[in-house]
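Asker: One structure is given below, represented as structure tokens, and several questions about it will come after.
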Ligand code: 13P
């Protein structure tokens, strides 16, 4: 059984005080939920938000990290610094890192392996652009990103895959649950080929891209959608809490 896993990626939003306020409100509202929940504030708010999450089951995530433990890497934040703040998970390979900051699979793979070697959980993001989707190469792109991101990764126990079609991020366009589920099914088959049927069966695959309270349940009702990676709607308790509490009615 895969535990439903809902994560909020706060991206480049919120001052420390705003982040703390939202974190406290989520702790109050979500403490009795038995789903896995993670929030990923900006680096500057990680320490203060950790304080708010004390005693709660909500996991603290980072949105990125540097590819080395330490050294001359101006502007980067290292895995050791994240661990020092009590971070438990890290989002890697997000499409905004890939497309706005030029991150490629090799670099992402170095980060994935470094994070795992320090016992962080990893949410590895993959997804095609609109042009790639229209060109009919969605599966090829997703396969390339997964093979590249997971190169030399033997154990997927701490890995979650997030399928986020780039054209659905922040645009209000969601992949239809069926389209998303098709790609999720493809990803699960790929994991089965690369690892084993058991690993494929156990790995959580999140969907991300314009997830809102009104589409969460339908997305989560699909066979291969095990979780959600939420951007805009994770910035307020009013929208994130109902997403976490989605009810598929089954
Ligand atoms: P939106 O939910 O704002 O479309 O963002 C999705 C996302 O990129 C989460 O990582």
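The values are calculated or read from the model by the stated rules, or taken from the named source; none is laboratory data. Note that the coordinates shown come from a computational prediction; the quantities given were computed from them, not determined experimentally. Cβ coordinates were reconstructed from backbone atoms using ideal geometry, including for glycine residues, and neighbour counts include every protein chain displayed.
Asker: Does residue 48 qualify as being more than 16 Å from the ligand (Cβ to nearest atom), farther than 21 Å from residue 229 by Cα and part of a loop (DSSP other than H, G, I, E, B)?
Answerer: In short, no.
Asker: When you scan the range 51-78, how many residues do you find that are closer than 26 Å to residue 145 by Cα and either in contact with a strand residue (DSSP E or B) (Cβ under 8 Å, 6 or more places away or on another chain) or within 16 Å of the ligand (Cβ to nearest atom) (or both)?
Answerer: Of the residues in the range 51-78, 8 are closer than 26 Å to residue 145 by Cα and either in contact with a strand residue (DSSP E or B) (Cβ under 8 Å, 6 or more places away or on another chain) or within 16 Å of the ligand (Cβ to nearest atom) (or both).
Asker: Residues in the range 129-176 that are modelled with pLDDT of 95 or more and under 24 Å from residue 202 (Cα atoms): how many?
Answerer: Adding up the residues that qualify gives 28.
Asker: Which members of the range 25-44 meet the condition of being under 18 Å from the mean Cα position of the chain (by Cα) and without any contact (Cβ under 8 Å) to a residue 40 or more places away in the chain?
Answerer: Hits for the range 25-44 are 41, 42, 43.
Asker: List the residue pairs whose Cβ atoms are under 6 Å apart, where the first residue sits in the range 158-171 and is without any contact (Cβ under 8 Å) to a residue 60 or more places away in the chain, the second is within 10 Å of the ligand (Cβ to nearest atom) and part of a loop (DSSP other than H, G, I, E, B), and the two are 6 or more positions apart or on different chains.
Answerer: 163/127; 165/127; 165/209; 168/174; 168/209; 168/210
Asker: Right, next: Can you name every residue in the range 56-72 that is over 23 Å from residue 117 (Cβ atoms) and in contact with a helix residue (DSSP H, G or I) (Cβ under 8 Å, 6 or more places away or on another chain)?
Answerer: 56, 58
Asker: Taking the conditions exactly as written (away from the ligand (no atom under 15 Å from the Cβ), free of Cβ contacts under 8 Å to residues at least 60 places away in the same chain and within 22 Å of residue 66 (Cα to Cα)), does residue 136 satisfy them or not?
Answerer: Values: away from the ligand (no atom under 15 Å from the Cβ): yes; free of Cβ contacts under 8 Å to residues at least 60 places away in the same chain: yes; within 22 Å of residue 66 (Cα to Cα): no.
Criteria not met by residue 136.
Asker: Any idea which of 156, 82, 116, 124 is touching a helix residue (DSSP H, G or I) at 6+ places or on another chain (Cβ under 9 Å) and part of a helix (DSSP H, G or I)?
Answerer: On the way: 156 fails: part of a helix (DSSP H, G or I); 116 fails: touching a helix residue (DSSP H, G or I) at 6+ places or on another chain (Cβ under 9 Å); 124 fails: part of a helix (DSSP H, G or I).
The unique qualifying residue is 82.
Asker: Output the number of the condition that residue 22 fails; it satisfies all remaining conditions of (1) assigned to a helix (DSSP H, G or I); (2) within 18 Å of the chain's Cα centre (by Cα); (3) within 16 Å of the ligand (Cβ to nearest atom).
Answerer: It fails just one condition, (2).
Yes/no per residue for (1) within 12 Å of the ligand (Cβ to nearest atom); (2) part of a loop (DSSP other than H, G, I, E, B); (3) within 27 Å of residue 149 (Cα to Cα):
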{"site": "161", "(1), (2), (3)": "no, no, yes"}
{"site": "178", "(1), (2), (3)": "no, no, yes"}
{"site": "182", "(1), (2), (3)": "no, no, yes"}
{"site": "190", "(1), (2), (3)": "no, no, yes"}
{"site": "199", "(1), (2), (3)": "no, no, yes"}
{"site": "210", "(1), (2), (3)": "yes, yes, yes"}
{"site": "239", "(1), (2), (3)": "yes, no, no"}
{"site": "246", "(1), (2), (3)": "no, yes, no"}
